[in-house]
There are 2 protein chains.
Amino acid sequence: MQPVVNAHRIGIVDMGSGSARLVVYEYVRDAWFRLTDEIREGVRLGEGFAASGKLSEGAIERGLDALKLYTDYASATGLGKLLVIATSAVREAANRRAFLDKLNGFNLEFIVLSGEEEAQYGALAVANSFSVSDAWVMDLGGGSAQLSRLEARRFAYGEAYPLGYVRMSEQFLRHTRTTDGEVRDLERFVRTLIGQRLGAVRRDGLPLIAMGGTIRNLTKAVQKAENYPLDMLHGYLLKRDRLEALVERLLELPAAERSRISGIHADRADAILGGALVYRTVLREADLPGVWISGQGVREGAFYRQFLAARTGFLLGDVRAFSVQNLFAHYPQERAHTEHVKFLSKRIFNLLEPLHGYGQPEAQLLEAAATLHDIGMAVNYFDHHKHSAYLILSGQMPGFTHREHVLIALLTQYHRKGDPKLGAYKTILEADDDLRLTRLAACLRLAEYLERSRAGRVKDLEADIGHDAVTLRLIADLEPRVELWEAAKQSEIFKKAFGRELTLEAGTLRRGGAQDKRLSTPAGKTKRK
Amino acid sequence: MQPVVNAHRIGIVDMGSGSARLVVYEYVRDAWFRLTDEIREGVRLGEGFAASGKLSEGAIERGLDALKLYTDYASATGLGKLLVIATSAVREAANRRAFLDKLNGFNLEFIVLSGEEEAQYGALAVANSFSVSDAWVMDLGGGSAQLSRLEARRFAYGEAYPLGYVRMSEQFLRHTRTTDGEVRDLERFVRTLIGQRLGAVRRDGLPLIAMGGTIRNLTKAVQKAENYPLDMLHGYLLKRDRLEALVERLLELPAAERSRISGIHADRADAILGGALVYRTVLREADLPGVWISGQGVREGAFYRQFLAARTGFLLGDVRAFSVQNLFAHYPQERAHTEHVKFLSKRIFNLLEPLHGYGQPEAQLLEAAATLHDIGMAVNYFDHHKHSAYLILSGQMPGFTHREHVLIALLTQYHRKGDPKLGAYKTILEADDDLRLTRLAACLRLAEYLERSRAGRVKDLEADIGHDAVTLRLIADLEPRVELWEAAKQSEIFKKAFGRELTLEAGTLRRGGAQDKRLSTPAGKTKRK
């Protein structure tokens, strides 16, 4: 395999109040990107801030240590100047100058975001990773929480509030065992600060999308508790009753023991409750059934400003299409074969529309699966259908729901053989997805075998749909023997999917009429008319 | 990702008596290869051969159909001339000419192997895919079975016998339910034909390595029955008692129902018993405890003659080393980082030798794991340690035992974090592999974090091994901050592996003495001396 050429690399540091994190992206602008490294340090820059309004000596030292670590890494790996995004702890600290002065000599582009800018960056991450035009976005970090409104995929308005999880815990939750009074005081504080805005959230009925380490960690604990079959946060709907139940469990435990709850990180355990109570209050006041989780946030917002520098508003044209293309770009591919399988599967899907009645949602799933069906070849030819599914489920597919993500993976898994089954994912799929999977897999599999020689020999298709049988006519220059032979073996899944026998015929490029020629297919596999 | 350039492609067809198979390899001569496509057709070229000594009309037609299919595929995909290897059915057929004449106009290089050549090709596959110098090799196909002797990795002698599974079944097993008399006749035939040779096998006590569809299929059924935790045939030891038990089950069922046994292919079910009885007789007569399975055979032998054309005897220099390099070559890599992790892990392993006492076998496992530890980055940075293990277990590692293959995968899985566990693979590992895994993982993990900046900053290491603690001194030009910081977090696994505390120090390139400087490490993670 050849190394990737012409790709850029950028290192972005998110200097939060709770933790610092360096992420490194490799990318070709406007084409594809991938995360290649990440170093997280729990620096607690905001520790003690609630009381003093200043960065403590220890916090400054830990912050400098982390930045030395990152610049050391950057110089060793030839990353060049790091982009550092600092948020509320630095922004609000009375002694911010003292900290910033110590950074002279570090090879950094150090940006302190205003509260509104921080909200904008988060909103940008949502606009580029959810299939949503209008929503509320909440980003709760260590020091502050931003709440903003996305309109037609643009940041409309939003600001930062002093509601970060470290700050809330320090300010309100002083007892080892949190008391009812402490909870009431915290809740009253939240309502006073953003109650009006939460009223607006309740009235307009839009989804709330949340980001940041607190909600990610809470979600992880909820997923563990319910044995969620995917190891995936982005795009998950955290239901309010699940959050309520988790908060109850956190309240029952003394701070030091909260990491006993499976999924809760040890270094967040003593402070996470402050953030969890803010979220509970938000969901109650806005009367929301749940909150959607974003795995992307301010860091990704900063990255998109580089990656999509040439685009108005730094916005991807189509989030789902980009997700598919970005995953596709990770693996070496026969592009022409993939395009032809896409074309043929779509054609089959459309020709059989009278039999399935599916629309745009299914067409999109099929197209994504057709694009990604062969990526498992990068692992091994043997079982490459299974490897494709593994790679898809191990990758990110922002813009698709988890159900859709799973269906795309399962479609690739069954693109060559096997009886399509929902398996372990049943719980997150819909009741009729069983049939949907079988039908779409049948379309994809036929397309794959009609493109068996990987040379685009079958130019087009025609179909006659009868009461008991469907005849597919293959339009090709030459007699497509391999394709007829292999596609004819798929009569079983076709019958299961569409309740009809499948007959294949070879036609010529001049359509219809006497030039058509019925070709033999392997005995016993396909019923002849 | 860039497509692979400068790679050759070759299509090889194995025209066996039972089935025909086209395999396509992509390769750079003497460097790496991968299988990229495979089309199998159950042509039964040898059907009816036992009675007539001729290829039947139907067999000829099916053979021609398959070859048309393959040449069609080859021309569509730009593969060029296919290399066709024909074996016993064509070799022995009285009407061979009639068949070969019909191939005029096909773009083929058609080679009919003699019995000895067929045995040579099989032996070559074994020599390049097992860590063995001397062995017996048996290749049982549809028409014939080859038995040969490998000496110092070379084919010493061997020939073909009319013991193929299709032939045996047609000749002896004529009843739907096989009778005791039929079994006795078949066994007597085998003993008469190769009894003397099997006596030699018994006397010299060398392993028997078997290849071909029959033994692969029998093995698959045995693995299913015992819930074998790996989906891997090559390198598996099929024990005699397991084979005996499977043969008993086959004998109990009428021919048409044998595919009810999980793992037995439907299109082999009616004829597989003939081959199974030959193997049973061989193991009994040679008094062997079992037979090693080769997933490679004549096709691979033919391929190695191309791939290793420049090498004496078409032999790889080192089978294991090649397996590792071949898998490594599949994925984009930072070669310098990998080399440095290999170097450091080996150094740590050697420095700690007084504590573990391991030798060459463990050093080899560690080196393989160090080479492959990051291949999972090709999937996703997140969880790339798990992806590395997945890719290794999804790939082939000829020359390593299954136990070794699994240990290498597990070492990569634990190269960053987690408490090393044998998990589902316990049954194929040894009793003390638990500790072995933890110790080797500790070496690899330390090396990985001592190379955290991926820039080769830690040039070398020194160790002081004390009663309670081990001090590792990092020799570097510059203070390797990232490396010290990250490696120091690994004290927990180190303690578990070696029963001692870990202390890290930075030294300079001038060793020892006053220039050494103890660096701080993250609080609470490493005990200071």
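Structural size metrics of the range A:443-511, computed from C-alpha coordinates, are Rg and Dmax of 11.4, 33 Å. For the segment B:449-457, counting C-beta atoms of other chains within 10 Å of every residue's C-beta and taking the mean gives 4. Applying the criteria of a DSSP loop state and at most 16 other Cβ atoms within 10 Å to the trypsin sites (Lys or Arg not before Pro) of the range B:1-75 yields B:ARG29. Counts of other chain beta carbons within 10 angstrom of each beta carbon in peptide B:32-38 average 3. Taking amide H positions as placed 1.01 Å from N in the peptide plane, with prolines and chain starts having none, which residues 5 or more places from B:LEU461, or on another chain, fall under 5 Å of its amide H? Close amide H contacts, sequence-distant or interchain: B:ILE475. At a probe radius of 1.4 angstrom, the accessible area of chain B per residue rounds to 39 square angstrom.
In the range A:313-331, the residues that give up 30 Å² or more of accessible area when the other protein chains are added, compared with the chain on its own (1.4 Å probe), are A:TYR331. Amide hydrogen proximity for A:ALA145: with H placed 1.01 Å from N in the peptide plane, the residues at 5 or more positions away or on another chain lying under 5 Å are A:TYR161, A:LEU163, A:GLY164. For the range A:414-498, the set of chymotrypsin sites (Phe, Trp or Tyr not before Pro) satisfying both a DSSP loop assignment and a count of at most 11 other C-beta atoms within 10 Å is empty. Overall shape of chain A was characterised from the C-alpha gyration tensor. The equivalent ellipsoid obtained from it has semi-axes of 52, 26, 19 Å, in decreasing order. For the range B:248-355, the set of trypsin sites (Lys or Arg not before Pro) satisfying both a DSSP loop assignment and a count of at most 15 other C-beta atoms within 10 Å is given as B:ARG311. For chain B, the longest principal axis of the C-alpha atoms and the axis of helix B:180-204 are separated by about 50°. In whole angstrom, how far apart do the alpha carbon centroids of the range A:11-65 and the range B:371-387 sit? One Cα centre to the other: 24 Å. What part of the accessible area of the protein assembly as shown, given as a whole %, is carbon or sulfur when the probe is 1.4 angstrom? On the protein assembly as shown, the fraction of accessible area on carbon and sulfur atoms equals 47 percent. With 29 Å as the limit, the listed pairs A:LYS417/B:LYS342; A:LYS224/A:LYS495; A:LYS426/A:LYS459; B:LYS346/B:LYS426 have A:LYS417/B:LYS342; A:LYS224/A:LYS495; A:LYS426/A:LYS459 beyond it between alpha carbons.
Karplus-based coupling profile of the range B:206-223, in residue order and whole Hz: 7, x, 10, 10, 10, 9, x, x, 5, 6, 4, 5, 4, 5, 4, 5, 5, 4, with θ = phi - 60° in 6.51 cos²θ - 1.76 cosθ + 1.60 and x standing for Gly or Pro.
Centre-to-centre, using Cα atoms only, the range B:127-203 and the range A:334-362 are separated by 50 Å.
With Rg and the Kirkwood Rh both taken from Cα atoms, where does Rg over Rh land for the range A:124-248?
Rg/Rh for the range A:124-248 comes to 0.97.
The C-alpha atoms of chain A define a longest principal axis, and helix A:384-394 lies at about 20 degrees to it. Under 5 Å between amide hydrogens, built in the peptide plane, is the criterion, and for A:LYS489 it picks out nothing among residues at least 5 positions away or on other chains. Relative to the longest principal axis of the Cα atoms of chain B, the long axis of helix B:360-372 lies at roughly 90 degrees. Counting Cβ atoms of other protein chains within 10 Å of each residue's Cβ and taking the mean over peptide B:484-490 gives 2.
Couplings 3J(HN,Hα) of the range B:82-97, computed from phi: 8, 9, 10, 10, 9, 10, 4, 4, 6, 4, 9, 5, 5, 9, 3, 4 Hz, in residue order, whole Hz [Karplus 6.51 cos²θ - 1.76 cosθ + 1.60, θ = phi - 60°; x for Gly and Pro]. Counting from the shortest, the label point at B:LYS81, 7 Å from Cα toward Cβ, is 6.1 nm from the same position in each remaining copy.
Need one number: the % of Cα-Cα pairs in the range A:41-180 sitting beyond the 21 Å mark.
52
Expressed as a fraction of 2.2 N^0.38 Å, the value expected for a compact globular protein of N residues, the C-alpha radius of gyration of the protein assembly as shown is 1.05.
For A:THR312, the accessible area of its heavy atoms, probed at 1.4 Å with every protein chain present, is near 110 square angstrom. Sorted shortest first, the separations between the B:ARG174 label point and its copies elsewhere in the assembly read 10.0 nm; each point sits 7 Å from Cα along the Cα-to-Cβ line. In order along the range B:435-446, the phi-based Karplus estimate (6.51 cos²θ - 1.76 cosθ + 1.60, θ = phi - 60°) of 3J(HN,Hα) comes to 5, 4, 4, 4, 5, 5, 5, 5, 4, 5, 5, 4 Hz; Gly and Pro are listed as x. The candidates A:ASP433, B:ASP434, arranged from most to least accessible area with a 1.4 Å probe in the full protein assembly, appear as B:ASP434, A:ASP433. When the accessible areas of A alone and B alone are added and the area of the pair subtracted, with a 1.4 Å probe, the result is around 4800 Å², both sides summed.
The values are calculated or read from the model by the stated rules, or taken from the named source; none is laboratory data. Predicted model, so just to flag it, every value in this text is computed and none were measured. Don't worry about glycine lacking a Cβ; one is built from the backbone with ideal geometry, like all the others, and counts go over all protein chains shown. These area figures cover heavy atoms from the full protein model, side chains too; ligands, DNA and RNA do not enter into them. Shrake-Rupley method; radii C 1.70, N 1.55, O 1.52, S 1.80 Å.
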